[in-house]
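To start, the structure itself, in structure tokens.
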Amino acid sequence: MSAPHGFSVARYAPERGAFAKLTARDSLLRRLDWPMLLAALALSFMGALLVWSATRGRTELNNGDPYYFLFRHVLNTGIGLALMIGTVWLGHRTLRGAVPILYGISILLILAVLTPLGATINGAHAWIVIGGGFSLQPSEFVKITIILVMAMLLAAKVDAGDQLHPDHRTVAKALGLAALPMAIVMLMPDLGSVMVMAVIVLGVLLASGASNRWVLGLIGAGVLGAVLVTTLGMLDEYQINRFAAFANPELDPAGVGYNTNQARIAIGSGGLTGAGLFHGSQTTGQFVPEQQTDFVFTVAGEELGFLGAGLILVLLGVVLWRACRIARETTELYGTVVAAGIIAWFAFQSFENIGMTLGIMPVAGLPLPFVSYGGSSMFAVWVAIGLLQSIRVQRPMTA
């Protein structure tokens, strides 16, 4: 029996002890994907400058310290890098055995949000306030958990050489495990995160080689679910207003459409080279709400212009390009599926975040990966980079 697309089942046989086989010539540092790592670092560096520009004059937010958000963004990036290093050191295969524990912890954390421990920020009851100005958004880590738990199930028999594709029963189990945290996050409600998770599930299924009937069924279920959520009144008023403003940009420009209108003004005023860092009138005038988080791209558009904003797109493209290479070159289905889930996550979330600032996507409250201010988001994306790097490091090197 031959495998599809010209690959043999042996291609997905896990290689054990990869770290033990590394020599001085074939070292860990040599195996790292440096273009991806440098692009992600450049995005975080640009994010620090943009966050600083957006918040240095916001005394009501920074408690009179213009460096408050800059310091925290750099600190979050440093912690994220440490998490990436730890993930590479542990290895994605080691984490594979801990997936049930990670899944259980994720479920407990998002359930805790629905208790008095949870806090509401910007309309979404999706946070746990730790104290000292720090908070945790568990749904960011659920994205990773969904990728890992689905990859573990879908790749188990294929990597063992027992099957060419995941069977229907395995796919159903994987979808059930993904649906549980998504349903809890929807109760918060955090529609933006649920949208990302749905795209992750779709990307994972496509990469796993599951039957196309499951993919088509998932798309149909998503459409049906969107209709039911709308008709049954499961959305909060602020979420309905966001979609209304997207459908009609001229609707209540001083109210529900204010964010997107001001965002387009800021980006449009930047021109080719921008007004210069710290010199954007929309930014210094504080006309764009949540400019350090959801609308950080408007700072780039206004102060760095088309060239600066374009550089962010190029750097995101480099991260996605290298992730696609890792997914294609890995020697096991588990690594391919994990990489595909991360690609789907980064690609959709970046498109949604930038698209809502341009008015081509509804406002969904999603941060721009590596760039937006926020500890939970920064930690999650760097753990994802660590998973990608681990997949690359632990693959056999070709001569």
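The values are calculated or read from the model by the stated rules, or taken from the named source; none is laboratory data. What you are looking at is a predicted structure, and each value in this text was computed from that prediction instead of being measured. Backbone-built Cβ (ideal geometry, glycine too); neighbour counts: all protein chains shown. The protein model used for the area step is the full one, side chains on, heavy atoms only, and it has no ligands, DNA or RNA in it. Shrake-Rupley method; radii C 1.70, N 1.55, O 1.52, S 1.80 Å.
Before we move on, is Gly310 among the small types (Gly, Ala, Ser) and either surrounded by fewer than 24 Cβ atoms within 10 Å (Cβ to Cβ) or closer than 29 Å to Ala207 by Cα (or both)? Yes: the conditions hold for Gly310.
Checked against the criterion of being part of a loop (DSSP other than H, G, I, E, B) and in contact (Cβ under 8 Å) with a residue 12 or more places away in the chain, the candidates Gly80, Gly57 yield just one match: Gly57. Can you say whether Val383 is over 24 Å from Gly97 (Cβ atoms), at pLDDT 95 or above, in contact with a Leu (Cβ under 9 Å, 6 or more places away or on another chain) and surrounded by fewer than 22 Cβ atoms within 10 Å (Cβ to Cβ), as far as the supplied structure shows? Answer is no for this residue. Taking the criterion of being in contact with an Asp or Glu (Cβ under 9 Å, 6 or more places away or on another chain) and either assigned to a loop (DSSP other than H, G, I, E, B) or polar (S, T, N, Q) (or both), the residues of segment 272-311 that qualify are Gly274, Ala275, Gly276, Leu277, Phe278, His279, Gly280, Ser281, Gln282, Thr283, Val288. In the condition set (1) part of a helix (DSSP H, G or I); (2) of a type outside the set (Phe, Trp, Tyr); (3) open to solvent by 10 Å² or more (accessible area, probe 1.4 Å); (4) closer than 24 Å to Pro289 by Cβ, Val318 is compliant with all but (4).
Quick check: is even one residue across segment 106-117 at pLDDT below 95, open to solvent by 20 Å² or more (accessible area, probe 1.4 Å), assigned to a strand (DSSP E or B) and not polar (S, T, N, Q)? No, the conditions are met nowhere in segment 106-117. Contact map, segment 258-278: residues that are farther than 11 Å from Thr357 by Cα and open to solvent by 60 Å² or more (accessible area, probe 1.4 Å) paired with residues that are modelled with pLDDT under 90 and not in a loop (DSSP other than H, G, I, E, B), Cβ distance under 9 Å, separation 6+ or inter-chain. Pairs shown: Tyr258/Ala245; Ser269/Ser281; Ser269/Gln282.
One residue alone among Gly274, Gly308 is modelled with pLDDT of 90 or more and either closer than 27 Å to Ser377 by Cα or in contact with a strand residue (DSSP E or B) (Cβ under 8 Å, 6 or more places away or on another chain) (or both), and that residue is Gly308. When only residues in segment 201-220 that are within 20 Å of the chain's Cα centre (by Cα) and hydrophobic (A, V, I, L, M, F, W, C) count, which is surrounded by the fewest Cβ atoms within 10 Å (Cβ to Cβ)? Selected residue: Leu206. Selection within segment 355-365: residues that are crowded, with 24+ Cβ neighbours inside 10 Å and aliphatic (A, V, I, L, M). The member of this set that is modelled with the lowest pLDDT is Val363. In segment 327-354, the residue that is modelled with the lowest pLDDT out of those that are aliphatic (A, V, I, L, M) and open to solvent by less than 10 Å² (accessible area, probe 1.4 Å) is Leu333. For segment 149-200, the set of residues classified as in contact (Cβ under 8 Å) with a residue 60 or more places away in the chain, part of a helix (DSSP H, G or I), open to solvent by less than 40 Å² (accessible area, probe 1.4 Å) and not small (Gly, Ala, Ser) consists of Met150, Leu154, Val158, Asp159, Pro181, Ile184, Val185, Leu191, Val196, Ile200, listed by residue number.
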